[in-house]
Amino acid sequence: MKYLPVNNTDTIPALGLGTWKSDTGEVARAVSTALDIGYRHIDCASIYQNQKEIGTALGEAITAKRVKREELWITSKLWNNAHARKHVQPALERTLLDLQLDYLDLFLIHWPINFQPNIVFPKRPEEFLPPEAIPIIETWQAMEKMVKKGLCRFIGVCNFNLPRLIELKRQAAIQPVMNQIELHPYLQQRKMVEYCKNNGLLLTAYSPLGSGDRPAALKKDNEPSLLTQPIIVDIAERNNMTPGQVLLVWGLSRGTVVIPKSTHPERLQENFLAADLELGATDLLAIDGLEQGYRFVDGSFFQSPGSPYTVTGLWKEE
């Protein structure tokens, strides 16, 4: 397993288990199996609505001494309805209760989007709050307090574009250690990768395999496939890998964390083995040539009529 340095004080397993879209009824088994395989990094979020089951699996594994808590890296995320200063700690405490943990290793702002409290997902314009209603720095300062209280060890963000990330770094007392964003050969985000490499931040790649199993409502017509992309398939065949392993090896070769999701034991094992595989420079260069600027998860679900948020506003670099 590859490990990446965190803030010069710790390390994070470069390959973890994603749990978005892992259904209740199967996610506990998947996490338990993953821990037995050797996974030590589990990526969670309150909005995935499966943290209680994940907590059951973690609690059983720790109690049975199949794994020690200090061997694990557990990430979770603050949902959009809990960005106000007074809501951050209660949200984190609920997550810890669900996960049966005393602390998180990493706590992330899930999206730079504000909802009204108690709204899980807005259906009317008034259920959103505009960006200026709760500035990012207000949420961040509340998260900094969570570090000081020992409820989480590190803090970071998800889905931040480069200007937003630079501005947060400028204002933060405790620096973000992570930006979790969509990263794969069709969306390589080279400026972001270079900036983070030069400024002591890590990137976690979500949807590293293209997230083909996400709900139909979140898909576009005629989406491109990563797992059946001819160059990826050819590289896989020539290197005795699966296409999924090729995609993960490419992500790991860039110095990014990858968090593929699966609930199938065979696929969990395949993905885990990718952490110790390598591709030659020629194959990596061929994959670099697949850039399309294509987002599978573009945030258009926040762009309903009357919403103060747009896809352009989320991702624009200037």
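The values are calculated or read from the model by the stated rules, or taken from the named source; none is laboratory data. Everything quoted here is computed from the prediction, not taken from an experiment. Here the Cβ positions follow ideal geometry from the backbone for every residue, glycine too, while neighbour counts run over all protein chains shown.
Of the residues making up the stretch 12-26, those that are farther than 13 Å from HIS264 by Cβ, part of a strand (DSSP E or B) and hydrophobic (A, V, I, L, M, F, W, C) are ILE12, LEU15.
In the stretch 213-223, the qualifying residues are those that are in a loop (DSSP other than H, G, I, E, B) and either loosely packed, with under 15 Cβ neighbours inside 10 Å or among the hydroxyl-bearing types (Ser, Thr, Tyr) (or both), and the one that is modelled with the highest pLDDT is GLU223. Scan the stretch 308-318 for residues that are outside any helix (DSSP H, G or I), in contact (Cβ under 8 Å) with a residue 12 or more places away in the chain and surrounded by 13 or more Cβ atoms within 10 Å (Cβ to Cβ) and jot them down. Of everything in the stretch 308-318, those that are outside any helix (DSSP H, G or I), in contact (Cβ under 8 Å) with a residue 12 or more places away in the chain and surrounded by 13 or more Cβ atoms within 10 Å (Cβ to Cβ) turn out to be PRO308, TYR309.
Elements of the type strands (runs of 3 or more DSSP E) sitting completely within the stretch 84-201 and holding at least 1 residues that are over 26 Å from GLY59 (Cα atoms) and either touching a Leu at 6+ places or on another chain (Cβ under 9 Å) or among the small types (Gly, Ala, Ser) (or both): these cover 152-158, 178-182. Applying the condition of being buried (at least 21 other Cβ atoms within 10 Å of the Cβ) and farther than 17 Å from ASN80 by Cβ to the stretch 141-178 and asking which residue is nearest to the chain's Cα centre (by Cα) yields MET178. Scanning the stretch 233-250 for residues that are free of Cβ contacts under 8 Å to residues at least 24 places away in the same chain, surrounded by 17 or more Cβ atoms within 10 Å (Cβ to Cβ) and more than 14 Å from GLY210 (Cα to Cα) turns up just one, ALA236. Of the residues making up the stretch 264-307, those that are in a loop (DSSP other than H, G, I, E, B) and over 21 Å from LYS219 (Cα atoms) are HIS264, LEU277, GLU278, LEU279, GLY280, GLY289, GLY306.
For (1) on the phi < 0 side of the Ramachandran plot; (2) surrounded by fewer than 20 Cβ atoms within 10 Å (Cβ to Cβ), each residue gets a yes or a no:
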{"residue": "GLY200", "(1), (2)": "no, yes"}
{"residue": "SER211", "(1), (2)": "no, no"}
{"residue": "SER225", "(1), (2)": "yes, yes"}
{"residue": "THR228", "(1), (2)": "yes, yes"}
{"residue": "LEU252", "(1), (2)": "yes, no"}
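Contact map, the stretch 9-30: residues that are free of Cβ contacts under 8 Å to residues at least 40 places away in the same chain paired with residues that are assigned to a loop (DSSP other than H, G, I, E, B), Cβ distance under 9 Å, separation 6+ or inter-chain. Pairs shown: THR24/GLN49; THR24/ASN50; ALA28/ASN50. The residue of the stretch 38-53 that is surrounded by the most Cβ atoms within 10 Å (Cβ to Cβ), among those that are closer than 16 Å to PRO260 by Cβ and in contact with a Leu (Cβ under 6 Å, 6 or more places away or on another chain), is ILE42.
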